[in-house]
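Below is one structure, written out as structure tokens, with a few remarks after it.
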Amino acid sequence: MPRNTIEIADLRIQPHDLFHHQWCLLTSGDYTKHEFNTMTIGWGALGTMWSRPFAFVAVRHSRYTYEFMQKFDTFTVSAFPSEFHDALSYLGAHSGRDIDKISESGLTPEPSIIIPAPSFKEAEIVIECRKMYADDLNPVHFLDETIYKQYPNRDFHRIYYGQILHVTGVEKYIQ
């Protein structure tokens, strides 16, 4: 799917829809070294922090992608048209520790424009990020008690803030 560079000021996106309804892939690692993993995410945010555009993603310590997020400095957030929903479901339900789930999903990894972490040919938007902060959620700071229901096993996420360095996308994401 042909994507064009989108300047951050021209990016048109509905973050809640992107993460909650459309879902995304979080991918970390190094494409040229063939050392990367991806996972489906439904939680995340886009905004401004420390005067920089950022994406934040949440990864549980138990996920295989967590090891890549810890080891590598960059990651991508990619969203896909609805016809790839089954592939994202598959990637969210299987671990790259056990199988080559990316190949099994039918999606095609490709080099990103400026960072080592890969993107996917089929994606309609790719947000390339360099990590700038990470920390584990601390339940002591939950101000809404219902958040605990999201963690029946108390396996709290690590939150990664990534500075958005480059965005490519199809026309619907250009303002």
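Of note:
- Scanning segment 44-70 for residues that are touching a residue at least 24 places away in the same chain (Cβ under 8 Å) and over 16 Å from VAL126 (Cα atoms) yields a total of 15.
- For ARG52, the requirement of being of a type outside the set (Gly, Ala, Ser), more than 15 Å from TYR161 (Cβ to Cβ) and at pLDDT 95 or above is not met.
- When GLY47, GLY42, GLY96, GLY106 are checked against the criterion of being touching a helix residue (DSSP H, G or I) at 6+ places or on another chain (Cβ under 9 Å) and closer than 14 Å to SER28 by Cβ, a single residue qualifies: GLY96.
- Count - residues of segment 41-55 that are touching a Phe, Trp or Tyr at 6+ places or on another chain (Cβ under 6 Å) and surrounded by 19 or more Cβ atoms within 10 Å (Cβ to Cβ): 2
- Residue within segment 77-87 that is under 21 Å from ILE159 (Cα atoms), of a type in the set (Phe, Trp, Tyr) and in contact (Cβ under 8 Å) with a residue 24 or more places away in the chain present: no
- Within segment 45-64, being of a type in the set (A, V, I, L, M), within 23 Å of ARG12 (Cβ to Cβ) and touching a Gly at 6+ places or on another chain (Cβ under 9 Å) holds for ALA55, VAL57.
- Segment 23-72, residues that are in contact with an Asp or Glu (Cβ under 9 Å, 6 or more places away or on another chain) and not small (Gly, Ala, Ser): TYR31, PHE36, ASN37, ARG60, HIS61, TYR64, PHE68, LYS71, PHE72
The values are calculated or read from the model by the stated rules, or taken from the named source; none is laboratory data. What you are looking at is a predicted structure, and each value in this text was computed from that prediction instead of being measured. No Cβ is skipped: glycine too gets one built from the backbone with ideal geometry, and neighbour counts run over all protein chains shown.
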